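Asks: This structure is in structure tokens; I'll ask about it shortly.
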Amino acid sequence: MGTKAWGALIADVIGSSSTPNLRSVLSAKLRIASLAHHEQLRLPYAVTAGDEFQTLTAQLDSLPWLVFDLRRRLRPLEVRIGIGIGPVLNPVRPPVNELGGLAFQWARQAIVEIKSGHAHKFEVRTAFRSANAEFDRVANLVYGLHDTLVRDLTEKQWQAVDAYIAKKRVDLAARALKISVSTASRSLKRGHFWQVEETIATMKKVIETTFP
């Protein structure tokens, strides 16, 4: 096992039994996500068991964006995401579900913690595990709050987020959606997008500092 720190991401679909043809729906969405995230991922997203999928990245500071963008791209599917940061067994190559090491063990533990519901007094859908207990404490507190904000977005607010991410400006997003600038701005504000954007940027810096 090497000493390089990797980010292993393991996720599963919440309420998967209520989605017809889940595996084909999930696979199609993940193919698009893999293309969009190909510069950040070491391996593409892969459905590994029923409603579960995995990936691996060496760019740890990309994890906050990947988590958010996965949720954005996979909707209306909702997912739990466990992230383990640590070494993996070499060589790193597909299929991802045949890789091992602490990164994957910790990602699996993170998923178990989410399902147990014991980590917080409120619902969480993202959890981090690593060898750094202080980082885990901060990251999991931030994501407990982050998940609450993201979970409350309406579909119209998500559409405003989609347009803003694509266009990078509120006025251009409004034009793409054929709504007024004030309506687009209000949708982003009420969807707490600016707070979400700030948590992504802050967690990126925290990861860069913790895992240089």
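The values are calculated or read from the model by the stated rules, or taken from the named source; none is laboratory data. All values derive from a computational prediction rather than experimental measurement. As a convention, Cβ positions derive from the backbone with ideal geometry for all residues, glycine included, and neighbour counts pool all protein chains shown.
Asks: Among the residues of segment 30-45 satisfying the criterion of being charged (D, E, K, R) and in a loop (DSSP other than H, G, I, E, B), which is farthest from Ser130 (Cα to Cα)? Give the steps one after another, and end with the answer.
Replies: We begin by selecting, within segment 30-45, every residue charged (D, E, K, R); these are 31, 39, 42.
If we keep only those that are in a loop (DSSP other than H, G, I, E, B) as well, we get 39, 42.
Values: Glu39: 23, Arg42: 19 Å.
Of everything passing the filter in segment 30-45, Glu39 is farthest from Ser130 (Cα to Cα).
Asks: I need a count of the residues in segment 182-192 that are of a type in the set (Gly, Ala, Ser) and surrounded by fewer than 20 Cβ atoms within 10 Å (Cβ to Cβ). Don't jump to the end; show me each part of the working.
Replies: Restricting attention to segment 182-192, the residues satisfying the condition of being of a type in the set (Gly, Ala, Ser) are 182, 184-185, 187, 191.
Going one step further and asking which of them are surrounded by fewer than 20 Cβ atoms within 10 Å (Cβ to Cβ), we end up with 182, 185.
Of the residues in that region, 2 qualify.
Asks: Only helices (runs of 4 or more DSSP H) wholly contained in segment 72-167 count here; list those with 1 or more residues that are in contact with a strand residue (DSSP E or B) (Cβ under 8 Å, 6 or more places away or on another chain) and modelled with pLDDT under 95.
Replies: Working: elements: 102-116, 133-151, 155-167.
Helices (runs of 4 or more DSSP H) meeting the threshold: 102-116, 133-151.
Asks: Anything in segment 5-29 that is within 16 Å of Thr48 (Cβ to Cβ) and part of a strand (DSSP E or B)? List them, or say none.
Replies: Ala8, Leu9, Ile10, Ala11, Asp12, Val13
Asks: Within segment 194-207, which residues are surrounded by 15 or more Cβ atoms within 10 Å (Cβ to Cβ) and either in contact (Cβ under 8 Å) with a residue 40 or more places away in the chain or not in a helix (DSSP H, G or I) (or both)?
Replies: Going through segment 194-207, the residues surrounded by 15 or more Cβ atoms within 10 Å (Cβ to Cβ) turn out to be 196-197, 199-200, 203-204, 206-207.
Matches in segment 194-207: Val196, Thr199, Ile200, Met203, Lys204, Val206, Ile207.
Asks: Being crowded, with 21+ Cβ neighbours inside 10 Å and either more than 30 Å from Gln195 (Cβ to Cβ) or touching a residue at least 24 places away in the same chain (Cβ under 8 Å) (or both) is true for just one of Arg75, Arg93, Arg23, Arg71. Which residue is that? Let's see the steps before the verdict.
Replies: Details: Arg75 fails: crowded, with 21+ Cβ neighbours inside 10 Å; Arg93 fails: crowded, with 21+ Cβ neighbours inside 10 Å; Arg23 fails: crowded, with 21+ Cβ neighbours inside 10 Å.
Unique residue meeting the criteria: Arg71.
Asks: Scan segment 151-167 for residues that are of a type outside the set (D, E, K, R) and either surrounded by fewer than 16 Cβ atoms within 10 Å (Cβ to Cβ) or closer than 16 Å to Leu63 by Cα (or both) and jot them down.
Replies: Here is the first cut: in segment 151-167, the residues of a type outside the set (D, E, K, R) are 153-154, 157-161, 163-166.
Once the filter is applied, which keeps residues that are of a type outside the set (D, E, K, R) and either surrounded by fewer than 16 Cβ atoms within 10 Å (Cβ to Cβ) or closer than 16 Å to Leu63 by Cα (or both), segment 151-167 yields Thr154, Ile165, Ala166.
Asks: Next up: Of all residues being in a loop (DSSP other than H, G, I, E, B) and among the charged types (D, E, K, R) in segment 168-181, which is surrounded by the most Cβ atoms within 10 Å (Cβ to Cβ)? Just the residue, please.
Replies: To start, the set of residues in segment 168-181 that are in a loop (DSSP other than H, G, I, E, B) comprises 168-169, 178-180.
Those still in the list that are among the charged types (D, E, K, R) too: 168-169, 178.
On the way: Lys168: 8, Arg169: 12, Lys178: 6.
Looking at the filtered set, the residue picked out is Arg169.
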